[in-house]
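Undergrad: Sharing a structure with you now.
What follows draws every value from the coordinates through simple rules; no lab data is involved. Predicted model only: the values in this text are computed from it and were never measured. Here the Cβ is made from the backbone with ideal geometry for all residues, glycine too, and neighbour counts use every protein chain on show.
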Amino acid sequence: MREQKLIQRQLVKGMLYNFLAFTLVFSAFGAIIFSQMSNALYSKVDNDLRSTMELMQSNEAFFNKELYGKDFGPRKDDGPKDIGIGENVDTSKNSDSTENMQPPIDDAKDSFRVAKIIRDQDGNILNSGSLGQSAYDNYYSHLAFDPAQADGTIFAVAINNNQFRELSFPITVDGTDYYVQLLINVDGEQNTLSNFVQILSICVVLFVILSITISYLLSRRTMKPILEAWHRQNEFVENASHELRTPLTVIQNKQELLLTKPNEKIINESEAIAITLSEVRRLAKLTSDLLTLARAESGQTELEKESFNINEVIRNIAMPYSDIAEAEEKTVTFDMADELMIHADKARIQQLIIILLDNAIKYTPAGGSITIETAKKDSKIEISIADTGVGVSDESLKQIFNRFYREDKARSRAQGGSGLGLSIASWIVESHDGSIKAVHNQPKGTRFLIKLPK
């Protein structure tokens, strides 16, 4: 129950971390898109405002046209006349000379969207007539003005629920100081941006909901190998404890029995002593196998590869087993070429062959045979060790390389097996980037097929 709660807690924690990461990524992505969209929409508006400001600052005729109206020019009357801001225009000269004095108006940079409001030093609007009566009454007459903000900075203003971009700046024309407010209505851009924000918000919400599902699936996927390792560890500890407890119990019982007979001769208790020694050897082998697997999984074991003739190594190992097999009325046959070079860890390959031959000899009855074959196929070296023993079931073939797995535990224990040999064999092959599998031998028995890179 405690283990289940711990696993559930880790699952939730992993899901929250993934969800937070996805949310931050989607939020940042949305903010970047919004910023780019906003800049794209308002960049042309701001450029129009700046271009108009530069035009008015560099061209007095353009400024006067906006101040006095489009019909600004010389008048054919007598004497000067006040045209609206207290400035007299001398019309005594002929029209041609007056027009020649006016700089040409280059309004190529002028945008029809820009409303140009000219104010005097007191903030009064001087060109209300050129702004249009309706626009003046509805918008510009309500527009606030602060001379301190007339520094060429662009900012947003709202007039009667309408959105504008404003740029204000001071200007001096013919010795008179003015303030100019440039406005562009951006309701269209604002509506576009608002719609975009709505769509973006919906997408972000959908992505966040999707990220919850993805976070859960990723968390489960991440936890899967951890859970498998957890279960393997628990199983390993339980099996190791059981395997260690059995020989220790036998040793303890036999030693306690000897203590009850202090005056007995050793020869009379030789059987108990022999059993004790056998269990000690079994315990030592089990401990060695456990240490080998522990080092392998922790990555502490490094392969020392060299080139050698694998057929020669197999023959040297198999010869003593041939003598043992002959004594037990079993036969060992070879089907190998004279020379087959491989680049591998020689000591580990020897350990692999010993494990497989030891199993074959143990589980092959009298009258049976063990066959060892090697061959070169493409860039692989194939090794086959087959016996005509009792064989294993189809279900056992899938689990035979698992730790402590034994199809017949009683028989395996009687043979002195610990259930770790084939696990070590599998690790040796995989550490060499090879493959190993067990199949049924015909007509009976088991065949181990090994493929190793040259």
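Undergrad: Let's test this: bin the Cα-Cα distances of the chain at 10 Å from zero up to the farthest pair and state each bin's percent.
TA: 3, 13, 14, 11, 8, 7, 6, 6, 7, 8, 7, 5, 3, 1, 0, 0
Undergrad: Also, quick follow-up: As I understand it, the value is the acute angle between the Cα axis of helix 346-362 and the longest principal axis of the Cα atoms of the chain; what does it come to in degrees, rounded to 10?
TA: Rounded to the nearest ten degrees, it is 50.
Undergrad: Still on this model: Kindly rank 425-438, 138-151, 273-286 from highest to lowest mean number of other beta carbons found within 10 Å of each residue. Mind showing how you got there, number by number?
TA: Values: 425-438: 18.1, 138-151: 13.3, 273-286: 15.4.
Those peptides, ordered most packed to least, come out 425-438, 273-286, 138-151.
Undergrad: Quote to one decimal, in nm, the extra length available between GLN4 and LYS454 on full extension: 0.36 nm per residue of separation minus the C-alpha distance between them. Don't skip to the end; give the middle numbers.
TA: Values: separation 450, 0.36 × 450 = 162.00 nm, distance 4.61 nm.
Computed gain between GLN4 and LYS454 is 157.4 nm.
Undergrad: Still on this model: Among DSSP bridges having both ends in the stretch 305-398, what percentage is antiparallel? Round to the nearest 5. List each step's numbers first, then the result.
TA: Numbers: 13 of 18 bridges.
Expressed as a percentage, antiparallel bridges in the stretch 305-398 total about 70.
Undergrad: What do you get for the angle between helix 270-298 and the principal long axis of the chain? Use alpha-carbon atoms, 0 to 90 degrees, nearest ten.
TA: 20 degrees
Undergrad: Sticking to Cα atoms, compute the Rg of the stretch 304-453 to one decimal and its Dmax as the biggest Cα-Cα distance, whole number, in Å.
TA: Both quantities, over Cα of the stretch 304-453: 14.7, 42 Å.
Undergrad: Give me the tail of P(r) for the stretch 157-302 as a percent: Cα-Cα pairs with distance above 29 Å.
TA: Tail fraction, whole percent: 65.
Undergrad: Please report the orientation-averaged projected area of the stretch 123-182, defined via the convex hull of its C-alpha atoms, in nm². Before the final figure, lay out the partial values.
TA: Values: hull surface 17.3 nm².
If I average the Cα hull's projected area over directions, I get 4.3 nm².
Undergrad: Suppose we keep just the alpha-carbon trace of the stretch 214-372; what are its Rg and Dmax in angstrom?
TA: When restricted to Cα atoms, the stretch 214-372 yields Rg and Dmax of 22.4, 75 Å.
Undergrad: What pairs from LYS285/LYS437; LYS305/LYS454; LYS285/LYS362 go past 18 Å between their alpha carbons?
TA: On the way: LYS285/LYS437 24 Å; LYS305/LYS454 11 Å; LYS285/LYS362 16 Å.
Exceeds cut-off: LYS285/LYS437.
Undergrad: What translational D, rounded to a whole number of µm²/s, comes out for the stretch 112-230 from Stokes-Einstein when the hydrodynamic radius is the Kirkwood one over Cα pairs, at 25 °C and 0.890 mPa s? Write down the numbers at each step before the final one.
TA: Working: Rh = 18.4 Å.
This corresponds to a translational diffusion coefficient of 133 µm²/s.
Undergrad: Using only Cα atoms, locate the centre of the stretch 310-352 and the centre of the stretch 154-189, then give the distance between them in Å, rounded to an integer.
TA: That distance is 96 Å.
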